[in-house]
Every structure is written in structure tokens, then in C-alpha cells.
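Trainee: Pasting a structure below so you can have a look.
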Amino acid sequence: MFRKFRALLQRKQFESEMELEFRHHREAFVEDQVSRGIPRQEAEQQAISQFGSALQMKDECRDARGLYWFDAILRDLRYATRQLSRNRVFAATAIVTLALCIGANTAIYSVVDAVLFRPLPYPEPNRLALLSTLRRGRAAEFEETGQRGSTWLAIRQASRALDPAVFTDIGSGVNLVSSSGAHNVKQQRVSAGFFRVLGVPPLMGREFTESEDLPRGPALAILSNSLWRSAFNADPAVVGQEITLRGEPFTVIGVMPAGFQTSVPADLWTPLRPTTTGEGSGENYAIVARLKSGVSWAQANAEIASFSPGIVAAWKWPPGQSASLHLVSMQDGLAIDLRKSILILWSAVAIVLLIGCVNIAGLLLARSGSRSKEIATRMALGSGRGAIIRQLLSESLIIASAGGLAGTALGYVALQGLKIYAQETFGVWQVLALDPRVLAATAVSAIMASLIFGLYPAFAASRVDLRSGLSTSGRNSTITHRSWSRRFLIVVEVALGVVLLVSAGLLIRTLSGLTNLRPGFDGDHAVAATLSLQDARYSSAPAVTRLFDASLDRIGKIPGVESAAICLTLPYQRALNEGFSRLDGPHAGSGGTINLTYITPHYFDVFRIPVSRGRTFASSDRAETQQVVIVNESFVRKYMNGQEVLGSHIKTEGIAREIVGIVGDVQVRVQGWPNAAFPGIYVPATQVSGGFFQVVHTWFSPSWVVRSSLPMGQLTGPLQSAMAAIDPQLPFAGFHTMNDLHEDSLASQRLETTLLGTLAALALMLSALGIYGLIASSVAERTREFGIRLALGSPVPRAVREIAMPGVLLAGIGLLIGCALTRAAAKLLKSMIWGVEPGDPLSFAAAIAALLLVALLASVLPSLRVAKINPAETLRE
Amino acid sequence: MPPKPVDVLQGTLDMLILKAISLGPLHGYGVLLRIAQISNSAFQIPQGSLYPALYRLEHKGWIEAEWGESDNNRRAKYYSLTAAGRKQLRTETAEWSRLSDAIAAVLKAV
């Protein structure tokens with residue numbers, strides 16, 4: 001073995017020495033002959049003829065040295081390269097097809113890997129768990145990781161198997177004032193022990209203790225490494241110093257190491273101070289835990305299962321629903337919302353790759369048709385069946401390597417484009433790169449692909465019947481065999497195409513439905529500026545009211561601003577969910593869930609939201625006057641049927657309010673759906689309490705909205721300086737047109753649709769090429785048969801029909817199978833489609849029509865060639 | 001007139017090469033010449049099989065090669081017998097004598 005290995009290394013030397021030795025031999029021979037009086041020229045010719053085939057002898061010498069297998073492979077590869085370069089169109093088609101498929105797979109797989117498979121960047125990530133709630137309704141199960149404060153307290157007190165911590169998985173923008181100015185930074189709130197549970201201690205300083213992480217505990221902050229560098233010049237003395245955050249002094253107690261990341265973008269961490277009231281009364285926390293050493297997952301889950309009934313019993317449930325708690329790995333828990341979209345995309349690229357393989361298999365099959373004579377000749381000359389298969393497989397291997405390399409390059413380019421969208425829209429937080437993990441997966445898929453498309457045609461080709469292979473007869477067993485394979489491939493290709501096209505069609509219909517929803521307001525000339533009011537200086541109602549009045553006064557004076565208002569949440573955004581109850585009418589005492597937004601008087605003017613009855617708010621609605629509310633039409637439809645609306649009273653947040661107006665619905669983000677009309681109420685900003693402001697401002701950043709004919713670019717400067725004049729520590733965090741918000745609200749649908757649509761287009765193109773190739777090659781093989789038929793007097797149209805029919809029939813079978821497959825696949829898509837049924841006839845019809853058209857063209861175009869057949873010529877062939 | 005050269009018997013080529021080299025180191029062409037010389041040109045070694053045989057013997061460790069100067073100052077590869085090769089030659093010679101004695105006995109028997 002060692003000698004063989006060394007022989008490989010010394011290959012070059014071996015070759016040159018062998019050459020030198022042979023030359024010496026020839027020269028010595030020639031000189032001998034010359035000295036015997038034979039002319040030099042004749043002697044040289046003798047030398048060559050006596051020496052025989054130098055190439056063959058060299059091969060034998062190499063074999064003698066035990067380099068057999070290596071040479072055999074090299075020989076195969078050399079021969080395969082020669083074969084491929086002789087047939088450039090074939091090679092290029094196959095390689096480009098594979099490169100497109102592998103490229104798409106590489107790019108998508110890097111996202112799949114980052115979300116589903118790559119271990120989390122913490123020590124021993126496989127021992128980290130998230131607590132999840134499995135809700136069972138009548139028809140469906142639903143899993144979520146949001147938890148209540150009471151659950152956290154129960155787990156923390158009782159668990160012996162877990163080391164738990166709690167955090168919010170929503171990063172919120174807050175204002176930080178440092179020596180380098182005011183910044184809006186991303187804050188994540190985490191409990192004491194969060195970093196210990198993850199297993200990453202601070203680089204400097206320490207994390208929060210349990211005695212600090214309590215309501216009204218000290219104001220502390222831990223900085224991310226990048227914030228420490230950018231805002232504090234990496235000054236180690238910052239630990240222990242005070243910074244101004246959310247308008248109050250916070251003491252920095254730690255700095256995290258570089259590269260530390262949590263699942264949401266965060267520049268700094270503050271104590272969560274978990275409670276069971278306020279935010280803690282809803283599912284706003286996430287509970288992470290590390291299994292204590294020696295505890296198995298089964299033991300930990302058994303412990304949670306024993307707690308679960310006691311915890312869940314305290315929750316109120318609609319009839320027919322139940323819930324239980326259990327542990328999932330942290331990795332799976334973080335990916336809970338994304339998993340489905342990611343898996344669907346992954347299946348889609350896998351299908352594209354499969355279609356690509358089917359195409360290449362079809363090409364190879366067609367080629368083996370034209371090569372059967374060559375193969376038969378080689379077998380007749382003594383080549384073994386194994387050698388033929390090895391030979392054909394090495395051609396596939398070359399195609400796979402070339403396609404794989406080109407595909408990796410394509411994948412790299414595609415990933416650069418996909419990266420930003422995946423991070424912003426899907427919230428992929430782990431690194432997205434073509435690292436060894438992804439490249440290994442690419443290599444595996446290229447090799448698998450080459451086996452899928454190479455193995456079958458190779459075996460089929462090696463089953464050549466020598467006699468019929470060597471004669472030119474068009475009818476033999478090989479062709480029959482080949483045509484069965486071909487029929488199978490056509491059906492597979494069409495069926496896979498249906499699955500992808502219908503899926504893409506459903507998503508496109510969803511997106512276009514969502515895009516064309518009537519917004520319910522006129523956002524064309526409205527601009528929104530958002531800032532964080534999670535600020536100690538604005539914890540009382542009078543302080544907030546003063547800020548609102550002063551800022552609106554200043555902004556109203558900016559030239560070009562027609563009207564201005566402030567609101568807690570904007571259209572297209574998720575709003576605050578509140579409970580309410582009716583105080584009069586037939587349903588008095590009962591209520592439901594609604595969206596609640598506080599607004600200032602000109603809100604409906606800014607957005608031109610139609611007021612259908614009653615009045616809007618005015619500056620005369622003050623804290624001490626009658627508490628009032630305006631409701632939207634969805635609210636009236638759902639909760640006020642048969643009841644006089646204006647003048648009725650409802651109670652929310654413990655305050656009774658009189659309904660003074662009805663306004664039109666606007667699109668908002670609703671749990672589960674991107675945009676919809678939802679029952680909602682508006683209350684005047686002057687009539688809410690300081691406590692309410694404090695709670696809602698930890699979750700939402702209010703927006704200043706202005707109506708102006710000026711473009712946004714000319715408004716940002718004046719708005720920012722108007723605000724700075726009133727409070728220099730309150731920078732606007734972002735400016736948006738309503739169009740931006742609309743786009744943002746549909747970003748993830750759009751990304752999913754674009755990706756799946758692109759893949760479907762690729763699939764359609766590939767299957768069009770594939771089906772055309774398969775049918776065209778079967779026509780080519782039957783040219784002689786049709787020549788005979790035409791010669792015997794068969795009319796041309798009939799021949800054309802007979803050639804075209806099988807392809808169309810096969811496509812029909814493929815369509816049927818594809819539709820059945822799609823019915824099953826569409827169930828998986830159900831959560832991603834909106835406003836269309838999984839069995840949407842339009843999507844199915846469009847997909848069927850597209851593929852049928854492809855099959856028709858692919859069948860008819862080659863069959864027209866038959867019309868041009870010259871019977872006399874084909875018969876002579 | 002010398003008899004018409006015969007092809008070397010299958011399996012005897014290795015033995016002839018070993019014998020030729022046992023008389024002193026030789027390069028490839030030299031092996032051809034020496035076999036022709038000691039057999040009085042009775043054997044015609046097909047040139048195409050000489051080198052594969054040499055490489056095979058070298059691979060088996062019976063002969064070893066060294067680059068040196070030939071008579072006309074050219075670089076040539078000289079083969080010489082190893083200890084294992086010497087032993088192999090003895091074994092093959094003994095077997096060959098036994099075989100040819102046996103054949104001779106059979107042919108004389110009638």
C-alpha cells in the first residue's frame with residue numbers, strides 16, 4: 001500500500017524516467033543497425049515498428065507497477081472528457097441544468113442550515129431547551145413558545161432538573177445618550193441568570209442577580225461588544241459608569257464578548273423584572289433552560305409534564321380547547337414560526353433538483369440511443385459490462401463535478417442577494433455563508449444527483465443486445481426498454497412540475513389578494529416618524545400630554561405640513577390587544593378582544609379615514625371631561641348588531657367610555673394573518689393614565705404622523721429638529737411612508753412568493769426543455785419507422801398525430817398524478833395562503849394549462865419534422 | 001544458417017531476463033542483446049513485452065534499477081539482480097530442468 005502511495009506521488013518522475021529509458025533503447029537499437037550498414041532512416045523506422053505501440057506498452061508498465069486502479073480511473077476520465085467535448089451541446093445543457101439546480105439548492109440550503117440545523121453559538125447547545133405550549137383545539141394543534149409570568153414563577157420554584165431563565169424575544173428600540181450623542185439602540189430584556197443559562201459569561205463585569213431583577217430593582221445595563229466599541233470607544237472603565245437610557249440613569253455592569261448574539265438584534269440588555277401582572281399576564285415571555293448535568297431530556301420532560309396540569313389549570317380556555325407544556329430544544333423552539341416556510345422552500349428546491357436530474361437522465365438516455373452502436377462495438381471487442389457502466393458513470397461524474405462547481409458559484413451569488421432578505425424578513429440570525437457545512441451538503445447533492453441521473457441510463461445502456469446493437473435496425477429490445485424509461489421520466493417530470501407550479505400559484509394569488517386589499521385610508525401623502533417613549537421622564541399622563549401638545553404645535557408650523565397627529569400604532573402594524581365589555585344593550589356585560597389605539601384629534605384627517613357617523617376627537621376631550629371612544633365598522637358589525645351605537649357605553653382598562661363616532665376600517669396586522677380589518681377602538685391620548693402609557697410604551701413606539709405634499713426626504717430634517725427643540729434626548733428612530741409600511745407588512749409573503757415563484761419558473765423551464773428533449777428524441781428514433789409508413793402510403797397528418805399523441809397522453813397522466821400530489825402538498829401550504837382555498841381552481845387550471853402547452857409544443861414541433869421526411873433516404877440509412 | 005527464431009515460451013521470459021541479468025548489470029536493450037547472444041539468436045523477445053516484464057520484476061523486488069552511463073556516454077537505466085532475484089532464478093532453473101527432463105523422458109519413452 002505504502003509503495004503504491006509513494007508511486008502516486010512519484011508519478012511524474014516515473015513517467016519521465018520511463019520515457020527516457022525507452023528513448024535510450026531506440027537510440028541504442030538504431031546505432032547498432034547503422035553500424036551494421038543499414039541506412040539511419042530505415043533503422044529508425046525499424047525501431048518504431050519493432051517497439052510496437054509505445055502507449056500500450058506504457059500502460060502495461062504502469063500496470064506492472066501496481067498503478068492499475070489509478071490509471072483505470074484516469075483512463076476512464078480521459079475518455080469521458082473526450083466523449084463530452086465531442087458532444088458540446090449535450091455537455092453544456094447538462095452542466096448548465098445541474099448548475100442552476102445546485103445553485104438554487106446551495107443558496108436555499110444555507111438558509112435551511114442556519115435556521116434548522118446549525119448548532120446554536122453557545123456551549124453544549126444540545127442541552128438548551130425552550131418551554132413550549134401545545135394548544136389543542138377541535139381541529140388543529142398549535143405550538144407556541146410565549147409564556148406568562150405565572151408559568152415562569154412556577155417553573156423557577158419547582159424545577160429540580162432545569163436551570164431556567166426568562167427573556168423577551170422582541171427587541172425594542174430605546175434611546176441612549178452617550179458622549180457621542182443620542183442613539184436609538186436595540187434593547188432586549190432578560191432575567192437574572194440568562195447569560196449563565198446560555199453558558200456565555202460577560203467579557204467584563206457580571207450579569208444581573210436575582211435580587212436586582214425585581215420590580216423597582218436598580219436600573220442596570222449590559223452592553224454588547226459592538227455597542228461598547230461604537231459608542232464607548234471600547235473603554236474598559238465603562239463598567240460601573242452611569243449612562244442615560246430611556247431618559248434615566250442606568251449603571252453599566254457588564255460587557256459581552258465579541259460575536260455574542262441572541263436570537264433578536266440587541267445592542268444592550270436590561271433586567272426583565274418578570275411579573276405576573278401587566279405584560280406578565282399575557283404570553284409575552286420566553287422561558288429558556290439548560291438541563292442540569294446528569295439530567296436526560298426524558299427526565300426533564302417528565303418533570304415538566306408533572307407541572308403542566310397545575311399551571312395550565314389556571315388559564316381560561318374557550319370550550320373544546322386544552323393545552324400542555326413541554327420542552328423543545330432551543331434550536332427548534334426559536335425556529336417554531338419559520339420551520340414550515342423553510343421546509344416548504346427546501347422541498348421546492350429539492351423538487352427542482354429532481355426535475356434537473358430527470359432532465360439529465362433523459363439526455364443521457366437519448367445519447368445512449370445514439371451510442372448503442374459504439375457500446376455494442378466495445379462490448380464485442382471484449383469490454384466488460386462493469387467497464388461500460390464505469391465509463392458511463394465517469395461521464396456523469398464529470399458532469400456532476402462541473403455542474404457542482406458552477407452551481408456553487410451561482411449559489412454564492414444567489415446567497416448574497418438572499419442574505420439581506422432572509423435576515424430582515426425571516427429574522428435569520430445565525431451567520432449565512434457558504435461554509436464547509438453548506439459546501440459538504442452541496443457536494444453530497446451533486447454526487448447524489450449524478451448517481452440518480454447516471455446510474456439508470458448506464459445500466460440500461462450496458463444491457464445492449466450485441467447483434468441488434470451492431471446492426472442499424474431501428475426496432476430492438478433496447479429501444480423498447482428505453483422508451484419505457486422515457487415514458488416514466490416524462491410522467492415524473494410533469495407531475496413534479498404541477499406540484500411546484502400550483503404551490504407558487506397559490507402563493508402568488510395570496511400575495512396579490514393581500515396587495516390589492518382596500519387599505520381603508522389614504523396614505524399617499526402621509527409620513528410617519530417613530531420614537532421610543534419607554535422613558536422614565538414620560539411615566540405620567542401630564543408629562544406625555546405636554547410632550548404631545550408641544551411637539552404637535554411645533555410640527556404643525558413646519559411649512560408644507562397640512563395636518564399632524566400622534567398614534568400608538570399605525571395602519572399595517574400590529575396593534576395593542578385589549579379586552580372590553582359592553583355596558584348597555586342586549587349583550588351588556590359580555591365583550592371580546594379588540595385592537596386599541598390612542599390618538600390625537602387630527603389622526604383621521606391625516607389618513608383621510610372616513611367618519612361614517614358621529615364626530616372625531618377634539619381638543620375639548622380632556623382628562624377631566626366625559627371619557628369617549630370612537631369605534632370602527634368591524635367593531636360595529638361584530639359587537640353592536642341591532643343596537644344603537646352612538647351614545648352606548650363600553651368598558652376597557654376599567655374605564656367606562658361613551659361611543660361618540662364610527663369610522664371606516666383600516667388594514668392592520670392581525671395574529672396569524674398579515675393584513676386584515678379587525679374590530680378596533682380609538683381613545684383620545686388625553687384620556688389614558690400614566691400607568692397605561694408606561695405599559696404600552698414598553699411594547700410599542702408611538703408615531704408622529706403628518707400629511708404633507710412634500711416628499712419624505714424634505715420632512716425628516718424639520719421633524720427631527722422640531723423634536724430636538726422640545727426634548728433633545730428623544731431622537732426619531734425611523735421615518736416611513738405608508739407605502740413602506742405596506743411593503744414591510746407583506747415582506748415575508750413577498751419573499752416566500754418570490755422564492756417559490758422563481759423556483760417554479762425554473763422548474764417550468766427545465767421541464768419544458770426536458771419534455772421537449774424526451775419527446776424529440778423518441779421521434780428521432782422512430783424516423784425510420786415513419787419513413788417506411790410514409791413510403792407505404794400513410795398520410796402525413798396521420799403520422800404526425802401518431803407521433804404527437806403519446807407525448808400528450810403521457811403528460812396527461814403526469815398531470816393527474818401531479819394534481820393528486822399537489823392536493824396533499826397544499827395542506828402543508830395552508831398556513832401560508834390567505835384568501836384562496838388550497839384547491840384553488842385558478843391556480844390548478846393555470847398550472848395544468850402551462851404544462852399542457854409545454855407538452856403540446858414539445859410533441860407537435862418534433863412531429864412536424866416527420867412531414868419533411870424523405871422516405872427514400874430514411875430507408876437507405 | 002541459424003534456425004528460425006522462435007517466440008519465447010509463455011512464462012519463460014522472466015527466467016530468461018533473470019538469467020541474462022545474473023551475468024552482470026544490464027540496461028533494457030542490453031538484456032535483448034545478451035539473450036540473443038547466449039541463445040545464439042534462437043529466441044526472439046517481443047520488444048513490446050520486455051519492458052512490462054522488467055517493471056514487473058522490479059515491482060516484485062527481484063531486480064533493482066539504477067541510472068548510470070552507457071558505453072556511448074548516455075544515461076541509461078541498469079538493472080541488477082537482488083538477493084531475492086538470485087534465489088528466484090535458482091528455483092526457476094531447478095524447476096525448468098525438472099520439467100524439461102520429464103518432457104524429454106516422455107518423448108523418448110516410445
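Trainee: State all residues of the stretch A:119-150 that are touching a Phe, Trp or Tyr at 6+ places or on another chain (Cβ under 9 Å), surrounded by fewer than 21 Cβ atoms within 10 Å (Cβ to Cβ) and assigned to a strand (DSSP E or B); if no residue qualifies, say none.
Mentor: Those that are touching a Phe, Trp or Tyr at 6+ places or on another chain (Cβ under 9 Å), surrounded by fewer than 21 Cβ atoms within 10 Å (Cβ to Cβ) and assigned to a strand (DSSP E or B): A:134, A:135, A:136.
Trainee: Aliphatic (A, V, I, L, M), surrounded by 20 or more Cβ atoms within 10 Å (Cβ to Cβ), within 30 Å of residue A:176 (Cβ to Cβ) and within 43 Å of the chain's Cα centre (by Cα), is that true of residue A:594?
Mentor: In short, no.
Trainee: Restricting to the stretch A:1-48, what's the tally of residues that are among the small types (Gly, Ala, Ser), modelled with pLDDT under 80 and more than 60 Å from the chain's Cα centre (by Cα)?
Mentor: So the answer is 1.
Trainee: Find all pairs meeting these conditions: Cβ atoms under 7 angstrom apart; at least six residues apart or on different chains; first residue within the stretch A:13-36 and more than 7 Å from chain B (Cβ to nearest Cβ); second residue surrounded by 17 or more Cβ atoms within 10 Å (Cβ to Cβ) and among the aromatic types (Phe, Trp, Tyr).
Mentor: Between residues of the stretch A:13-36 that are more than 7 Å from chain B (Cβ to nearest Cβ) and residues that are surrounded by 17 or more Cβ atoms within 10 Å (Cβ to Cβ) and among the aromatic types (Phe, Trp, Tyr), the close pairs are A:26/A:51.
Trainee: Can I ask one more? Return the residues of the stretch B:40-53 that are more than 13 Å from every other protein chain (Cβ to nearest Cβ) and under 11 Å from the mean Cα position of the chain (by Cα); say none if nothing qualifies.
Mentor: B:43
Trainee: Within the bounds of the stretch A:626-639, is there any residue that is at pLDDT below 90, closer than 30 Å to residue A:709 by Cβ and in the same structural domain as residue A:538 (by TED's automatic domain parsing)?
Mentor: no
Trainee: Among the residues of the stretch B:34-82, count how many are assigned to a strand (DSSP E or B), within 19 Å of residue A:18 (Cβ to Cβ) and of a type in the set (A, V, I, L, M).
Mentor: 3
Trainee: Just checking, how many residues over the stretch A:379-388 are within 49 Å of the chain's Cα centre (by Cα) and either assigned to a helix (DSSP H, G or I) or at pLDDT 75 or above (or both)?
Mentor: So the answer is 4.
Trainee: Further question: Scan the stretch A:75-116 residue by residue and report those that are of a type in the set (Val, Ile, Thr) and touching a helix residue (DSSP H, G or I) at 6+ places or on another chain (Cβ under 7 Å).
Mentor: A:81, A:93, A:95, A:97, A:102, A:106, A:108, A:111, A:112, A:115
Trainee: Got at least one residue in the stretch B:71-94 being acidic (Asp, Glu), closer than 18 Å to residue A:32 by Cβ and within 11 Å of chain A (Cβ to nearest Cβ)?
Mentor: Within the stretch B:71-94, one or more residues are acidic (Asp, Glu), closer than 18 Å to residue A:32 by Cβ and within 11 Å of chain A (Cβ to nearest Cβ).
Trainee: When you go through (1) surrounded by 15 or more Cβ atoms within 10 Å (Cβ to Cβ); (2) polar (S, T, N, Q); (3) touching a helix residue (DSSP H, G or I) at 6+ places or on another chain (Cβ under 9 Å) one by one for residue A:625, which number turns out not to apply?
Mentor: (1)
Trainee: For the stretch A:575-582, check the following and say yes or no: at least one residue is out of contact with any helix residue (DSSP H, G or I) (no Cβ under 9 Å at 6 or more places or on another chain) and over 30 Å from residue A:741 (Cβ atoms).
Mentor: Yes - at least one qualifying residue is present in the stretch A:575-582.
Trainee: Now for a different question. Could you go through the stretch A:836-850 and let me know if any residue there is of a type in the set (Asp, Glu), farther than 23 Å from residue A:360 by Cα, touching a residue at least 60 places away in the same chain (Cβ under 8 Å) and part of a helix (DSSP H, G or I).
Mentor: No; the residues of the stretch A:836-850 include none that is of a type in the set (Asp, Glu), farther than 23 Å from residue A:360 by Cα, touching a residue at least 60 places away in the same chain (Cβ under 8 Å) and part of a helix (DSSP H, G or I).
Trainee: Considering each of A:323, A:361 in turn, give the residue that is out of contact with any Asp or Glu (no Cβ under 8 Å at 6 or more places or on another chain), touching a residue at least 40 places away in the same chain (Cβ under 8 Å), of a type outside the set (Ser, Thr, Tyr) and surrounded by 22 or more Cβ atoms within 10 Å (Cβ to Cβ).
Mentor: Unique residue meeting the criteria: A:361.
Trainee: Next up: Picking from A:402, A:440, A:433, A:422, which residue would you name as being touching a residue at least 24 places away in the same chain (Cβ under 8 Å), of a type outside the set (D, E, K, R) and farther than 30 Å from residue A:267 by Cβ?
Mentor: A:402
Trainee: Okay, next question. Say we look at the stretch A:220-271 and pick out the residues that are more than 33 Å from the chain's Cα centre (by Cα) and without any contact (Cβ under 8 Å) to a residue 12 or more places away in the chain; which of these is nearest to residue A:540 (Cα to Cα)?
Mentor: Across the stretch A:220-271, the extreme among qualifying residues is A:242.
Trainee: Something else now. Any residue in the stretch A:783-798 that is aliphatic (A, V, I, L, M) and at pLDDT 90 or above?
Mentor: No, that holds for no residue.
Trainee: Give the residue, chosen from A:760, A:776, that is surrounded by fewer than 20 Cβ atoms within 10 Å (Cβ to Cβ) and touching a helix residue (DSSP H, G or I) at 6+ places or on another chain (Cβ under 9 Å).
Mentor: A:776
Trainee: Quick test for you: out of A:861, A:810, A:790, A:851, pick the one residue that is in contact with a Pro (Cβ under 6 Å, 6 or more places away or on another chain), at negative phi and assigned by TED's automatic domain parsing to the domain that holds residue A:749.
Mentor: A:790
Residue by residue, here is whether (1) more than 30 Å from residue A:741 (Cβ to Cβ); (2) at pLDDT below 85; (3) in a helix (DSSP H, G or I) holds:
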{"residue": "A:411", "(1), (2), (3)": "yes, no, yes"}
{"residue": "A:415", "(1), (2), (3)": "no, no, yes"}
{"residue": "A:419", "(1), (2), (3)": "no, no, yes"}
{"residue": "A:430", "(1), (2), (3)": "no, yes, no"}
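Trainee: Answer yes or no: is there a residue in the stretch A:662-676 that is closer than 17 Å to residue A:583 by Cβ and either assigned by TED's automatic domain parsing to the domain that holds residue A:577 or not charged (D, E, K, R) (or both).
Mentor: Checked the stretch A:662-676: no residue is closer than 17 Å to residue A:583 by Cβ and either assigned by TED's automatic domain parsing to the domain that holds residue A:577 or not charged (D, E, K, R) (or both).
Trainee: Mind checking which residues of the stretch A:298-310 are touching a residue at least 40 places away in the same chain (Cβ under 8 Å) and over 18 Å from residue A:165 (Cβ atoms)?
Mentor: If the condition is that a residue be touching a residue at least 40 places away in the same chain (Cβ under 8 Å) and over 18 Å from residue A:165 (Cβ atoms), then A:299, A:310 are the ones that fit.
Trainee: Would you pick out the residues in the stretch A:627-661 that are hydroxyl-bearing (Ser, Thr, Tyr) and either part of a loop (DSSP other than H, G, I, E, B) or on the phi > 0 side of the Ramachandran plot (or both)?
Mentor: A:648
Trainee: Out of all the residues in the stretch A:180-195, which are in contact (Cβ under 8 Å) with a residue 40 or more places away in the chain and either farther than 19 Å from residue A:233 by Cβ or surrounded by fewer than 17 Cβ atoms within 10 Å (Cβ to Cβ) (or both)?
Mentor: Across the stretch A:180-195, the qualifying residues are A:180, A:182, A:184, A:186, A:187, A:188, A:189, A:190, A:191, A:192, A:194, A:195.
The values are calculated or read from the model by the stated rules, or taken from the named source; none is laboratory data. Note that the structure is a prediction, hence the values are computed from the model and not measured. Quick reminder, even Gly has a Cβ in these numbers, built from the backbone with ideal geometry, and neighbours come from all protein chains shown.
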